[in-house]
1. Going by the conditions given, is F267 over 17 Å from the mean Cα position of the chain (by Cα) and of a type in the set (A, V, I, L, M, F, W, C)?
2. What are the residues in the stretch 435-454 that are assigned to a loop (DSSP other than H, G, I, E, B) and closer than 29 Å to V379 by Cβ, if any?
3. Using beta carbons and a limit of 7 Å, which pairs, at least six apart or on different chains, have the first residue in the stretch 374-389 and modelled with pLDDT of 95 or more and the second one aliphatic (A, V, I, L, M) and surrounded by fewer than 21 Cβ atoms within 10 Å (Cβ to Cβ)?
4. Exactly one of these conditions fails for V460: (1) in contact with a Phe, Trp or Tyr (Cβ under 6 Å, 6 or more places away or on another chain); (2) closer than 17 Å to E346 by Cα; (3) among the aliphatic types (A, V, I, L, M). Give me its number.
5. Using the structure shown, decide if S353 is under 21 Å from S384 (Cβ atoms) and of a type in the set (S, T, Y).
6. Kindly provide the set of residues from the stretch 338-387 that are under 16 Å from V410 (Cβ atoms), basic (K, R) and more than 12 Å from the chain's Cα centre (by Cα), ordered by number.
7. Check off (1) farther than 17 Å from V233 by Cα; (2) at pLDDT 95 or above for L350 and give me the number that stays unchecked.
8. Take K335 and decide whether it is modelled with pLDDT of 95 or more, within 13 Å of the chain's Cα centre (by Cα) and among the charged types (D, E, K, R).
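The values are calculated or read from the model by the stated rules, or taken from the named source; none is laboratory data. Predicted, not measured: the structure shown is a model, and the values here were computed from it. Cβ atoms come from the backbone with ideal geometry, glycine included; neighbour counts cover every protein chain shown.
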Amino acid sequence: MGDKSKKLGKWSRLFGIGEDEQSASSVSSKQASKAEETQGPQSRSVTPNQHTSHSHPSTPSSVSSADTKPYDPQGVTRSNINSAPVSRSGSTKKQLSRASSTKSPSVVEAPRFKMLENGNHEHHLRAVKRQEKISSLLKDLLGAKKLRDEAKSAVSFDVPQQVAPNQVGKAKPPTLVSGLVNYLNQHPQGLTSTTQTAELKSALPLLADDHRSFSEKYGRCQEVVGKGSYGVVRLSHKDDEVFAVKEFKRRAQESPEKYQKRLTAEFSIMASLKNLNVIKTYDLLKDAKGDFCEVMEYCAGGDLFSLIIAAGRLEYAEADCFFKQLIRGVNYIHKMGVAHRDLKPENLILTQSGVLKITDFGNSECFKMAWEDEVHMSVGVCGSSPYIAPEEFTQEEFDPRMVDIWACGVIYMAMRTGRQLWKLADAKADGFYAEYLEKRKQEGGYEPIESLKRARCRNVIYSVLDPKPERRITGPQILQSEWGREIKVCAAGDGIDPY
């Protein structure tokens, strides 16, 4: 267990998960659940401006809470992922007591997510406080025999092994936590540098001509906040500003010319996008080794993936807020003629006040220039396996916008259940996906989606995850649907400074 303890430290530093950012307290959770239930029985009938899924039959017009118990599959449960109930935790009691003494009595306080009496909400996200949470999670899960047999696909760097349809009932659905543990076991070095506060020696000092301009603009690079196959991300401090500096690495067997073309293309796309829900990109610099460093805005709330890991799953109001912001961002980049092609929780960054921002456009492509009306189709499989749309495996060319919409649906279900629905959206290779195709046609529906209590929400998610891209709901249609219109976004997500 000594080696595993070292691994835990690396993962803790990467995701920065701690007790201060546990799942919303039981008081807040109960209120959010009650608010969801009190919206009343809703029919699956769709108003004229709401898109409808054509392959899933209608369900009874009334839905009771007993009929729609939250999906709580084996492996990751509320008891072993979320914080203990307030009545069983003295420290939590004291924390809430202190908070209630300084807050308005009309507000129900939660560590990271706060529901207000008027139905609005606030986010208070601090990625650096997640460290103890992820450490305790991994201590419980690393080396557990049950996880070695579990379907694992949260961090999917390789196409997963085949799961036969007749074996689905015997296997467990994939979880984000199990995928993280699986990757850690396969990569003992983890994803973070062993020296958290080391300077960026490979990128600083820069070339003599660039060093002064970099330091004057962005200060000194210091602590590591993330690392992946692309390279590392460090923080750079300049006066009262903090920047994220992403150091790229050249891919294996990638020529210097292709490397430079790829990064400059990504930078050109990101720098041209100006939207609240897209990460701001400021500069692209070259270091002494010929590697590029991209300077971006820093978001202290961490990424959505680590938030889901820490929380187990998100309450409906919190997930809905992030989902609507995501669709707004996707609609914007599509309007600009850009498809992301690799949307997943790891590529969605959060500010402390809950603004969601799309990042990492390394796999993005332009499907339409400003002077063009025709959409250019995409070819080839691209992205991370659980989020890849089924048409990428079955069609020679496809609309890249619909690929992004599909990924948004998988992300929403990951937020609500803490699980991936399948490992690969290919019925021949993945029994979980084959089960989804079968169950969505039946009267009882597909259990994880049916566990979403609001019929309007279920209708949209079924349409987002329609295996036929020509029938799939579009981004604007999502926002125009009854569910999309009723989703309340936090003030920060609407561009209003909460402070």
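1. In short, yes.
2. R440
3. Taking only residues 6 or more apart or on different chains, the pairs are I388/V381.
4. (2)
5. No; evaluated as a whole, the condition is false for this residue.
6. The answer is R341, and nothing else.
7. Of the numbered conditions (1) farther than 17 Å from V233 by Cα; (2) at pLDDT 95 or above, the odd one out for L350 is (1).
8. Answer is no for this residue.
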